[in-house]
Amino acid sequence: MKKVKSILLRIMRIPALKYVVVTVLAVVLIGFVDDNSVWHHIRNKQYISELEDEIQKYEELNQSNQDRIRELDGNPKAIEKIARERYFMKTDEEDIFVLSDDQPKEVNDAPAQ
C-alpha cells in the first residue's frame, strides 16, 4: 500500500498532469458520452443519408405512378389492359384460363402408426 501511495504522490508532482487529465476527460466527454458527441453526429449523418436515399426512391416511384396515371387518363386501351391482367375481366365472348406455376404439395404415403 505504501508503494502505491508513493507512486501516486510522485505522479501528482508532475506539473502538467492536471492539464493532461482535464484534456483527456474533455475528449472522452465530447467524443463519446455527451448527447451532442462526435459519435452521435456520425450516426445522425448516416441516418440522414439513408433517409435521403429513401426519399429519392419514393420520388422515382411517385414519378412513375404519375406517368402511369397520365397514360391511363389519355388511353382507354391501357385501362382495359390493366383490367384484363390484374382483375381477370373479360368480354362476353372470351374465356380466361389462369395458369399457375405453383408446385403441388407432395403427399406423404407412409402409413400412420
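Just so you know, all these numbers are worked out from the coordinates, no wet-lab data involved. Note that the structure is predicted; figures quoted are calculated from it, not measured. Quick reminder, even Gly has a Cβ in these numbers, built from the backbone with ideal geometry, and neighbours come from all protein chains shown.
Under 28 Å between C-alpha atoms is the cut-off here; go through the chain and count lysine pairs that meet it, provided they're at least eight residues apart or on different chains.
Here the count comes out as 7.
Note down, for the chain, the three equivalent ellipsoid semi-axes (square root of 5 times each alpha carbon gyration tensor eigenvalue), biggest first, whole angstrom.
So the equivalent ellipsoid measures 73, 31, 6 Å along its semi-axes.
Which value in nm describes the separation of the simple spin-label points at residue 10 and residue 34, placed 7 Å from the Cα toward the beta carbon?
Computed distance between label sites residue 10 and residue 34 equals 3.6 nm.
Let me spell out the model: positive unit charges on the Cβ of Lys and Arg, negative unit charges on the Cβ of Asp and Glu, origin at the Cα centre of region 1-112. What dipole size does that give, in debye rounded to 20?
Once rounded to the nearest 20, the dipole reads 2400 debye.
May I ask for the longest run of the chain untouched by chymotrypsin sites (Phe, Trp or Tyr not before Pro) that are loop-located per DSSP and have at most 11 neighbouring C-beta atoms (other than their own) within 10 Å?
1-87
Loop by DSSP (not H, G, I, E, B), at most 14 other beta-carbon atoms within 10 Å: where is the longest site-free stretch of the chain for trypsin sites (Lys or Arg not before Pro)?
14-89
Give the calculated FRET efficiency between residue 86 and residue 49 to the nearest 0.05, with a Förster radius of 41 Å applied to their Cβ-Cβ distance.
0.70
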